[in-house]
Amino acid sequence: MTNVTLDLKDVMNLQNFSGIIPLFPLATVVFFPHTLLPLHVFEPRYRQMVTDVINNERIIGMALLKPQWEKSYYANPPIYSVACMGRIVSSEALEDGKFNVVLYGLKRVKVLEIVKDLPYRLARVKILEDVQGTNEEAYRERIAELISRWNRMLGKEQESHKINIDTELTLGNMTDALASLIVSNVFEKQELLEEDNVQERGEKILNNLETRLEIISLTSKKRNQIIQKRNLN
């Protein structure tokens with residue numbers, strides 16, 4: 001989508017939330033609150049889904065398909081029960097009936113039951129609120145420090161690998177943003193989505209950043225050793 005305008009007015013307003021959302025399960029996407037997710041919707045049942053929700057609550061639940069989903073994709077294969085619901089904040093109907101949409105992440109949700117299977121799944125869900133800790137500021141500051149170290153260690157040729165987020169975010173929002181941005185394994189992402197304890201998420205993100213820094217430090221030392229050896233020869 002080009003020149004996308006996002007409608008964020010009252011995006012978090014769930015005062016009249018029905019508790020029932022359509023599910024859009026994918027095998028490679030885990031969505032997090034307060035992040036943006038662009039989607040190209042081409043499958044007929046999900047094109048119908050977008051058409052149905054666009055003038056109502058504009059809410060879609062993004063769920064991760066469980067392994068071996070390929071065997072029964074068109075028969076609604078199993079999904080993980082914790083998902084993230086998002087509100088459509090931009091939509092573009094294409095001439096061929098497909099859609100480009102952008103979702104803004106709202107809340108973690110627990111799928112309680114499927115109330116309708118076809119043409120797409122409708123689920124009754126329970127909103128999962130974050131469990132706050134007593135030492136969140138220390139975690140937030142430590143994560144911000146590691147992000148700064150990571151960015152300083154990258155050269156100009158690695159500019160695209162820098163972590164560009166607002167380090168003044170709350171720990172909850174920061175961990176969700178980082179889970180979406182730096183965690184590559186989809187099942188690790190799902191674990192982070194299922195973790196409603198903010199400090200536990202912070203611990204997992206800290207471990208990820210520390211591992212990254214250790215790897216890049218070792219790589220840098222190895223590169224320097226190679227360069228020194230070449231210069232001596």
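The values are calculated or read from the model by the stated rules, or taken from the named source; none is laboratory data. Note that this is a predicted model, so its numbers are computed, not measured. Ideal geometry is used to build each Cβ from the backbone, glycine not excepted, and the neighbour counts take in all protein chains shown.
Worth a mention:
- The single condition among (1) surrounded by 16 or more Cβ atoms within 10 Å (Cβ to Cβ); (2) of a type outside the set (D, E, K, R); (3) over 21 Å from H34 (Cα atoms) that M85 does not meet is (3).
So that you can scan it fast, the table gives a plain yes or no per residue for (1) touching a residue at least 60 places away in the same chain (Cβ under 8 Å); (2) over 18 Å from the mean Cα position of the chain (by Cα); (3) closer than 23 Å to V29 by Cβ:
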site: A123; (1), (2), (3): yes, yes, yes
site: A144; (1), (2), (3): no, yes, no
site: N208; (1), (2), (3): no, no, yes
site: L213; (1), (2), (3): yes, yes, no
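Conditions tested, residue by residue: (1) in contact with a Gly (Cβ under 8 Å, 6 or more places away or on another chain); (2) farther than 20 Å from L181 by Cα.
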| site | (1), (2) |
| --- | --- |
| V29 | no, no |
| F42 | no, yes |
| M62 | yes, no |
| E70 | no, yes |
| P78 | no, yes |
| M85 | yes, no |
| V101 | no, no |
| L106 | yes, no |
| D117 | no, yes |
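- Enumeration of residues in the stretch 102-124 that are more than 22 Å from L193 (Cα to Cα) and either outside the structural domain of I54 (by TED's automatic domain parsing) or not hydroxyl-bearing (S, T, Y) (or both): V115, K116, D117, L118, P119
- Qualifying residues in the stretch 117-136 (those that are at pLDDT 95 or above and out of contact with any Pro (no Cβ under 9 Å at 6 or more places or on another chain)) - the one surrounded by the fewest Cβ atoms within 10 Å (Cβ to Cβ): E129
- Residue in the stretch 34-47 that is free of Cβ contacts under 8 Å to residues at least 40 places away in the same chain and closer than 23 Å to E194 by Cα present: no
- Check on I163, among the hydrophobic types (A, V, I, L, M, F, W, C) and free of Cβ contacts under 8 Å to residues at least 24 places away in the same chain: yes
- Within the stretch 32-54, being of a type in the set (F, W, Y) and in contact with an Asp or Glu (Cβ under 8 Å, 6 or more places away or on another chain) holds for one residue alone: F32.
- Considering the conditions (1) in contact with a helix residue (DSSP H, G or I) (Cβ under 9 Å, 6 or more places away or on another chain); (2) assigned to a strand (DSSP E or B); (3) exposed (fewer than 14 other Cβ atoms within 10 Å of the Cβ), L23 is excluded by exactly one of them, (3).
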